[in-house]
């Protein structure tokens, strides 16, 4: 999974400006008063934007941790893998569930150690060979799930980002609109559209969205 693709803001800044590169406030005054807003800075510097980045980073880290554990141990049963995923990603997990998750990880690590020990055994018994076959089947299963889950996690993260950034962008629009009306601006351009425009309202918009 590519972390930069998960919570980069460039595409969202572009999306903000597509179709309309300015905010027409409807304010009617004796003279036209224009301003500009830096959407990238609004998203990056506001508490709301930072909170969203923290959320996306945490969601990424949780899923990356699952994949790294599976890739390191590579000897999970399907039930263990599903429980690992469910408990790791569960919101507000109870103390009992956290303990269950740690116990599951320890059990997997113990199986991985036993697998390695059996592979080093010079004369494995029939029971040893049966267990090794089971462990090898688990490894194949785990490798298959790794490839599948990596794609699923990528899709989940992109969906979370799209949903949460959509909410943030709508609130950003409202914040800029409110600041524009309050300041008597007839039009507010994005800084991407009007690089040299005066009357930057970005700081006011950041305060407005963080209320």
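The values are calculated or read from the model by the stated rules, or taken from the named source; none is laboratory data. Remember, it's a predicted structure, so these values are computed and weren't measured experimentally. No Cβ is skipped: glycine too gets one built from the backbone with ideal geometry, and neighbour counts run over all protein chains shown.
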| query | Of the residues that sit in region 104-126 and are free of Cβ contacts under 8 Å to residues at least 24 places away in the same chain and in contact with a helix residue (DSSP H, G or I) (Cβ under 8 Å, 6 or more places away or on another chain), which one is farthest from residue 71 (Cα to Cα)? | reply | 124
| request: Kindly indicate whether any position in region 143-154 is outside any helix (DSSP H, G or I), in contact with a helix residue (DSSP H, G or I) (Cβ under 8 Å, 6 or more places away or on another chain), touching a residue at least 24 places away in the same chain (Cβ under 8 Å) and closer than 30 Å to residue 58 by Cβ. | output: no
| Is it true that residue 48 is part of a helix (DSSP H, G or I) and within 30 Å of residue 204 (Cβ to Cβ)? | yes
| query | Can residue 129 be described as under 30 Å from residue 37 (Cα atoms), without any contact (Cβ under 8 Å) to a residue 60 or more places away in the chain, surrounded by fewer than 16 Cβ atoms within 10 Å (Cβ to Cβ) and more than 22 Å from the chain's Cα centre (by Cα)? | reply | no
| note | Within region 179-193, restricting to residues that are modelled with pLDDT under 85, in a loop (DSSP other than H, G, I, E, B) and touching a strand residue (DSSP E or B) at 6+ places or on another chain (Cβ under 8 Å), the one that is surrounded by the fewest Cβ atoms within 10 Å (Cβ to Cβ) is 193
